[in-house]
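The values are calculated or read from the model by the stated rules, or taken from the named source; none is laboratory data. Since we're looking at a predicted model, the values are computed, not measured. For neighbour counting, all protein chains shown are included, and Cβ atoms are generated from backbone atoms with ideal geometry for every residue, glycine included. To get the accessible areas, we keep the full protein, side chains included, count just its heavy atoms, and leave off ligands, DNA and RNA. Shrake-Rupley method; radii C 1.70, N 1.55, O 1.52, S 1.80 Å.
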Amino acid sequence: MTGNAGTSTQENHFRQWLRVMAEKIVIFCRYYVSPVVLLPYRTLQFFYQIKTQVPIEPKHSSSFITDSEIQSEFAHHAPGVAMMNNGSFGCCPASVISALQQWQLKMLRQPSHFLLNELKNRILESRTIIKDHINAKDVDEVSIVDNISTAAAIVLQQTAWAFAEGKFNKGDAVIMFSCTYGAVKNSIEAYFSRAGGSVIEVPFNFPLNSNEEIISEFRKALERERGNGRRVRLAVIDHVTCVPTVVMPVKQLVKICRDEGVEQVFIDAAHAVGSVDVDMQEIGADFYASTLYKWFFCPPVVSFLYCRKSATHSDLQLHHPIVSHRYGKGLAEESFWVGTRDYSPYLVLPSVMEFVNRFEGGLKGIIKMNHDAVVEMGKMLAEAWGTNLGCPPDMCASMIMVGLPACLGISSDDDATKLRPHLCDKFGVEVRIHYQAPKDGEVGSTTGYVRICHQIYNKVDDYYKLRDAINQLVRDGFTCALEINEA
């Protein structure tokens, strides 16, 4: 009996020691280990059913985030690659990835309870954060969706129904700029043009010297259509264009639409939230969609569609393109449930806010830092290559276009498409390359541009690496026609 009791006591001590060590491992991993290797520790956490008072996210001191902490948040990025293409797919810090994984495990632990009882309120919390950030009047104006393609489908499918039901007439128009993103152009073709609508494409005369060039072309196009008696039902306008990239004067363009009788205005703001200030009351659009994974540190895929209340309460039929159990209960309701799937990316907004508030000035501070840095790096590259910026600094956000040396021979979209992987594979440089066709009568103009982005993880050395890579190509006598097409 005594021996058995002693053995039992030893086992209890061992289990207690094991639990204490497990708690220490959990706490250590939560604070110090990159999320790339967190899954085993989370399995340990659930296995031992550890209940600690440590919050889901680390507590932070009153001091602002340090440079080393920033680099640690993005230690999962590929080493040796100068990543200056944040505008394409964004970035997600380790602390937010950790929160994402915790939501995934919480759902998988008891799916029925989480999806049926908890998900709706958690998504409402995220929608409320978005509503406050963009200064919307009502949370019902905000629907969380996957991406801009989904948002565009929601806006444009109701125009197709308007044609089918006789509310729009054949030949009624949508107006957009020639630089409108390709996927959105495809949505216009699929929903608006096929239903009988016509498309007005406003020239986007890049490179640009001022906002007035954009405003003037847009106003002239609308005045011309009004003079021809054409009804413009919808305007599709970028807030920050993709390539070539500039910040559009959206407030002025929306006002022109109102003055000229355009019925609906949809702002494609894929690059806006996290790179420029966004205020729905000031912009005044009917529809506004932005991603939250490009510049707002969310994981793919999280975006939102704002629908002004006057639009949602009209006779417009706004529905999610995926029809599920919430159909007919309002767009926000339809969007929160589109069938069984992983909704965890929608739930990390509180963790994202905690992350951005670690920076001096919060998100506004990040926006200013990225803008100032990308302008400085853009000027450095233009000087090094003897070229020019694509627009004045006050017309860019966290991305800027820089002319490439003419001797590289970028003479087509195909050349630009092929040069991008060449720079990545040979030099470890990730950027977006743009071909700009010469304007009529122009000789010797810059036809190749690089779009550089700046996000908080970028270092000056990234841009030096790009500078040196292009200079090396020039010294080697590289041309797109000879080198890439022969590869």
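Select from the range 298-319 the residues that are among the hydroxyl-bearing types (Ser, Thr, Tyr) and touching a residue at least 60 places away in the same chain (Cβ under 8 Å) and write down the one among them that is surrounded by the most Cβ atoms within 10 Å (Cβ to Cβ). Steps first, answer last, please.
Of the residues in the range 298-319, the ones among the hydroxyl-bearing types (Ser, Thr, Tyr) are 303, 306, 310, 312, 314.
Restricting the remaining residues to those that are touching a residue at least 60 places away in the same chain (Cβ under 8 Å) gives 303, 306, 312.
Details: SER303: 28, TYR306: 26, THR312: 19.
Here the residue is SER303.
Any residue that is in a helix (DSSP H, G or I), under 20 Å from SER210 (Cα atoms) and open to solvent by less than 70 Å² (accessible area, probe 1.4 Å) - is there at least one of those in the range 420-439? Full working, then the answer.
Filtering the range 420-439 for residues in a helix (DSSP H, G or I) gives 420-427.
When the remaining residues are screened for being under 20 Å from SER210 (Cα atoms), the result is none.
No: the range 420-439 contains no residue that is in a helix (DSSP H, G or I), under 20 Å from SER210 (Cα atoms) and open to solvent by less than 70 Å² (accessible area, probe 1.4 Å).
Please determine whether any residue of the range 453-461 is open to solvent by 30 Å² or more (accessible area, probe 1.4 Å) and among the hydroxyl-bearing types (Ser, Thr, Tyr).
We begin by selecting, within the range 453-461, every residue open to solvent by 30 Å² or more (accessible area, probe 1.4 Å); these are 459-461.
Retained after the next criterion (residues that are among the hydroxyl-bearing types (Ser, Thr, Tyr)): none.
Within the range 453-461 (the criterion being open to solvent by 30 Å² or more (accessible area, probe 1.4 Å) and among the hydroxyl-bearing types (Ser, Thr, Tyr)), the answer is no, since none of the residues qualifies.
Looking at THR447, THR479, which is the one that is among the β-branched types (Val, Ile, Thr) and farther than 29 Å from ASP372 by Cα?
Values: THR447 fails: farther than 29 Å from ASP372 by Cα.
From the options THR447, THR479, the qualifying one is THR479.
Taking the range 79-97 as the range and being assigned to a helix (DSSP H, G or I) and surrounded by 22 or more Cβ atoms within 10 Å (Cβ to Cβ) as the test, the residues that pass are ASN86, GLY87, SER95, VAL96. I'd like to check something: does the range 143-158 contain any residue that is open to solvent by 10 Å² or more (accessible area, probe 1.4 Å), in the same structural domain as ALA270 (by the TED database) and closer than 23 Å to GLU282 by Cα? Yes, the range 143-158 has at least one match.
Could you tell me which residue of the range 402-411 is nearest to VAL273 (Cα to Cα), considering only residues that are hydrophobic (A, V, I, L, M, F, W, C) and part of a loop (DSSP other than H, G, I, E, B)? It would help to see each step written out before you state the result.
Restricting attention to the range 402-411, the residues satisfying the condition of being hydrophobic (A, V, I, L, M, F, W, C) are 402, 404, 406-408, 410.
Next cut, part of a loop (DSSP other than H, G, I, E, B) only: 404, 410.
Values: LEU404: 29, ILE410: 32 Å.
Once the filter is applied, the top-ranked residue is LEU404.
Residue by residue through the range 109-119, note down the ones that are in contact (Cβ under 8 Å) with a residue 40 or more places away in the chain and surrounded by 14 or more Cβ atoms within 10 Å (Cβ to Cβ). Correct list: LEU115, LEU119.
When you scan the range 314-334, do you find a residue that is small (Gly, Ala, Ser) and within 19 Å of SER149 (Cα to Cα), even just one?
Yes, that holds for at least one residue.
Quick one: is MET248 surrounded by fewer than 21 Cβ atoms within 10 Å (Cβ to Cβ) and under 24 Å from GLY87 (Cβ atoms)?
The answer is no for MET248.
Contact map, the range 182-206: first residue at positive phi, second residue of a type outside the set (A, V, I, L, M, F, W, C) and buried (at least 16 other Cβ atoms within 10 Å of the Cβ), Cβ cut-off under 8 Å, separation 6 or more or different chains; pairs are GLY196/ASP172. Filtering the range 408-464 to residues that are in contact (Cβ under 8 Å) with a residue 40 or more places away in the chain and among the basic types (Lys, Arg) leaves LYS418, LYS426, ARG432, LYS439, ARG451. Restricting ARG194, ARG230 to residues that are open to solvent by 60 Å² or more (accessible area, probe 1.4 Å), in the same structural domain as PRO321 (by the TED database), more than 25 Å from the chain's Cα centre (by Cα) and under 19 Å from SER149 (Cβ atoms) narrows the list to ARG194.
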